[in-house]
Amino acid sequence: MKEELFVSGRDIPNIDPYLNIWHWQIPLYLYLGGLAAGILFFAGYFTIMRKEKDMEATVKWAPFLVPFALVLGLFALFLDLKHKLYFWQLYTTVRFTSPMSWGAWTLMLITPISFIWVATYMKELFPKWDWKFEFLNKAEAYAIKNRKGIAWIMMMLAVILGVYTGILLSAFNARPLWNTSILGPLFLVSGLSTGLAASMWMSKSKYERKVLSRLDLIMIGIELFLIIHLFMGFLSASEVQIEAAALFLGGEFTVVFWVFVIILGLIFPAVLEILELRGFHIPVWIPALLILIGGLVFRFVMVEAGQITRFLY
Amino acid sequence: MRYAMAIDTKKCVGCGDCVVACQTENNVPHGYCRDWIVENVTGTYPNVEIELRSERCNHCDNSPCVRCCPTGASHIVEGGIVMVTPEECIGCGACIQSCPYDARYSHPEGYVDKCTFCKHRVDNGQLPACVEVCPTKCLYFGDLDDPNSDVSKALQNRKWKVLAPEAGTKPQLYFLT
């Protein structure tokens, strides 16, 4: 039998024995970005379809989570930076080949838009709300008049944000687990699904919940389809990607991935949603919470596992 | 001009002098290194073969670290040397993730650091510190476009390989085998 032994005279923190430079901040940030993208996408969609009355939670209330999610996500990203005081360098240049630059600029646009969106519904949530300054009242009136335009921009930016959370990882060809173009659409769909779950949880109308859970079932279906393709692609690719897939097919991430992401995060909530649609009474928070946790675990698993995979030489 | 390095794996004894010379020359913080030795043992005892490699940043022609840098801190200077500007680096770690050779690390001060082919020495007509000190003279440095440079001559009559060519990075460290 041929044996091979590598000894490297190197022991750099977070690089050796295997890469671990991104900790909890990045998966949390990717998750919150996806969640925000999901909520804003459907808020925009139902506004454009003129369903504000029927889909109140989706259009008006769930977006209130977004500014918090984005600010928290950006804060996590900031915590991850090692050269923190220089973070503003992100905004001195636009680099088209860098997904991180795309993300930084997208967030620069979508964060204020989410604030504006929420501000236009402030008076509906708090009837006594007053903007105090005349120019703010004028700005609010202007934004309310142009809600549909904002909704279009918001939807497009939400798609870029959702896809970006996946491309951020898939652009690294040095990490075989990430280096697949399916990751962009997969993270987008996963983000849309978590966004729907959040809206569903906040909704009090039976009709709205029904529409959302139907949409969510479609998202879960697409997500499972993409995950199957992800593994099919890995298993028919080169050695390094076969080994990357092995981490989930018997390797150290098998249990956490199949139990928490696939079964508890996708299949079980889908079954509950189907039962609900069939007329069984199931508390809405159970499938919603499971989907939200599943999405979070998915990001953590992908970021953690991807850093272990590498080229062999 | 295209700077490159050739490493003779048959002459290298793995003494680690290149590592220490680099740490001293570049004031690399304790516990970190810009170059390192890899010992690759293959076969079954008693028929074993050893390959010793002095590795560092490959200063790739198609460098993923430069491509993914969101601020332009990672950039390529004349001669194809990949450099990092500490004042532009935000320490996001994208370049560290993108490197198939794990040649970059996060400096304790926050920015990302790596081998510079000792640009400050090369600009003055000197050789990189690691090349200068190698006791077996197994490192060759120079301009690939110049047929009379040390590295061009070293590559002329020998078989060589690069690391992980399938990563598509077009690395510029040539290992003579």
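The values are calculated or read from the model by the stated rules, or taken from the named source; none is laboratory data. Note that the coordinates shown come from a computational prediction; the quantities given were computed from them, not determined experimentally. Here the Cβ positions follow ideal geometry from the backbone for every residue, glycine too, while neighbour counts run over all protein chains shown. Ligands, DNA and RNA are stripped out before the accessible areas are found, and what is left, the full protein with its side chains, is counted by its heavy atoms. Shrake-Rupley method; radii C 1.70, N 1.55, O 1.52, S 1.80 Å.
Key figures
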item	result
Nonlocal amide H pairs with B:Lys170, under 5 Å, H built at 1.01 Å	B:Asn62
Given B:Lys114/B:Lys159; A:Lys53/A:Lys138; A:Lys82/B:Lys137, the pairs whose alpha carbons are separated by over 32 Å	A:Lys82/B:Lys137
Which of A:Phe133, A:Gly233, A:Leu266, positive extreme of dipole for chain A (C-beta unit charges)	A:Phe133
Taking all pairs of distinct alpha-carbon atoms in the stretch A:74-134, Kirkwood radius in angstrom	14.2
Centre separation in Å (Cα based) which lies between the stretch B:41-120 and the stretch A:219-270	31
Shielded by partner chains, the stretch A:296-313 residues - at least 30 Å² of accessible area, 1.4 Å probe, vs chain alone	A:Arg310, A:Phe311, A:Tyr313
Nearby aspartates and glutamates by direct alpha-carbon distance to A:Lys210 (threshold 17 angstrom, same-chain neighbours under 8 apart not counted)	A:Glu52, A:Asp54, A:Glu56, A:Glu273, A:Glu276
Rounded tilt (10° steps) of A:25-48 against the dominant C-alpha axis of chain A	40
Dipole magnitude of the stretch A:171-313 about its Cα centre (Cβ charges: Lys, Arg +1; Asp, Glu -1), debye to nearest 20	460
Stretch gain in nm, segment A:Thr93-A:Ser236, where the contour uses 0.36 nm per residue and the Cα spacing is subtracted	47.6 nm
Pairs from A:Lys84/A:Lys132; A:Lys123/A:Lys148; B:Lys10/B:Lys170 whose Cα-Cα separation, in the structure shown, is over 26 Å	A:Lys84/A:Lys132
Accessible area buried, both sides summed, chains B and A with 1.4 Å probe, Å²	3800
With Cα atoms, 0 to 90° folded angle of helix A:285-308 axis to chain A main axis	40
The protein assembly as shown: C-alpha gyration tensor shape, a/c 1.5 cut-off, then a/b vs b/c	prolate
Over chain A, relative contact order from alpha-carbon pairs under 8 Å, at least 6 apart, %	24
All aspartates and glutamates inside 17 Å of B:Lys153 as judged from Cα atoms, apart from same-chain residues fewer than 8 positions distant	B:Asp8, B:Asp143, B:Asp145
The stretch A:1-83: chymotrypsin sites (Phe, Trp or Tyr not before Pro) in DSSP coil with no more than 16 other Cβ atoms inside 10 Å	A:Tyr18, A:Trp24
Accessible area of the stretch B:3-176 divided out per residue, in Å², using a probe of 1.4 angstrom	40
Residues of type aspartates and glutamates that B:Lys11 reaches as a straight line, Cα spacing below 16 Å, ignoring anything fewer than 8 places off in the same chain	B:Glu39, B:Glu49, B:Glu51, B:Glu55, B:Glu132, B:Asp150
Extended-chain gain in nm, criterion 0.36 nm per residue less alpha-carbon gap, A:Lys210 and A:Met122	29.1 nm
Shielding score for B:44-50, defined as the mean number of other chain Cβ atoms within 10 Å	1
Relative contact order %, chain B, counting alpha carbon pairs below 8 Å whose residues are six or more apart	32
